[in-house]
Each structure stands twice: as structure tokens, then as C-alpha cells.
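Each remark here refers to the structure printed beneath this line.
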Amino acid sequence: QVQIVESGGGLVQPGGSLRLSCAASGNILTIYAMGWYRQAPGKQRDLVARITSGGSTNYAGSVKGRFTISRDSAKNTVYLQMNSLKPEDTAVYSCYADVTTPSGPTQGYWGQGTQVTVSS
């Protein structure tokens, strides 16, 4: 079917930078949108950033000006460049894709998640 694989998480000091990657593969006709969500222990999963097939983006207010989402459509891959990281950014970051397959309309797919820890 469709597989979503994230990479790039790790441990970084406050003020540091990290880049996450998310690659979609499988029985894909069209990717309508891809985005990053995050969830810290005891908290709900929230949208961090999203990019559509047309290139429009949106961000959570807490990351605007620090994070940038981008895409490589030829590789079905999106990236999340995270700068000026704060301890509050610590969470499991998961990639989500809205994908059209030959079997029907657009469906959502999730990756396994990658841990980002911001600590001194």
C-alpha cells in the first residue's frame, strides 16, 4: 500500500538545529498534502507544519519563524528544518500524508514517528 518513513530525529541543545525528512512510497497516484505533527508525553498530537501539492504552507504559531517545511515532489519527500530549538519542542514528530491511490479517494497515512529531544 503506502509507506511513510521519517528520519532525522535526535538530541540537540537549545538553540540548535535539526532537519527531519519524510518519504512516502508505495501505490501512490497523487500526494495532496504532507505535514508534520508532534506529541509530547501527556499532551495531544498537534499540527506543526503542512504543505500542499500546490506549495501552500501553514505552521503552528509556536514554530513560525523557526521551522520551515519544504518538499521534493519528484521524491515524494518533505523536510522540516527546525532552527532555534527550544526544550518545549521536545516530542515525537510524526509525518502524515494525504494520498490518492488507484483504489479510491484520498486517504491519510502516518509514519512511525521520530524522537526529537532538545536539552542541555
ask   = Can you tell me the Rg and Dmax of region 47-108, counting just the alpha carbons, in angstroms?
value = 13.4, 42
task = Please identify every one of the trypsin sites (Lys or Arg not before Pro) in region 1-95 that sits in a loop by DSSP and has no more than 13 other beta carbons within 10 Å of its own beta carbon.
result = Lys43, Lys64
In order through region 78-89: 3J(HN,Hα) via Karplus (6.51 cos²θ - 1.76 cosθ + 1.60), integer Hz, x for Gly, Pro = 10, 10, 10, 8, 10, 10, 6, 5, 10, x, 5, 7
note = Row for region 1-62, column shape: gyration tensor on C-alpha, a ≥ b ≥ c, rounded if a/c < 1.5 i.e. under 1.5, prolate if a/b over b/c, else oblate; value prolate
task = Pairs of Cα atoms under 8 Å, at least six residues apart: use those to get the relative contact order of region 11-72, whole percent.
result = 21 percent
task = Figure the gain on full extension for Ser70 and Gln13 (residue separation times 0.36 nm, minus the Cα-Cα span) and round it to one decimal in nm.
result = 18.2 nm
inquiry  = Restricting to Cα pairs below 8 Å that are 6+ residues apart, what does the relative contact order work out to for the chain? Please round to a whole percent.
reply    = 37 percent
ask   = Placing +1 at every Lys and Arg Cβ and -1 at every Asp and Glu Cβ, with all other atoms neutral, what dipole size does region 40-120 have around its Cα centre, in debye to the nearest 20?
value = 100 debye
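Every read-out reported here was derived from the displayed coordinates using simple, explicitly stated rules and does not represent laboratory data. Just so we're clear, the structure is a prediction, and the values are computed from it rather than from any experiment. Cβ atoms come from the backbone with ideal geometry, glycine included; neighbour counts cover every protein chain shown.
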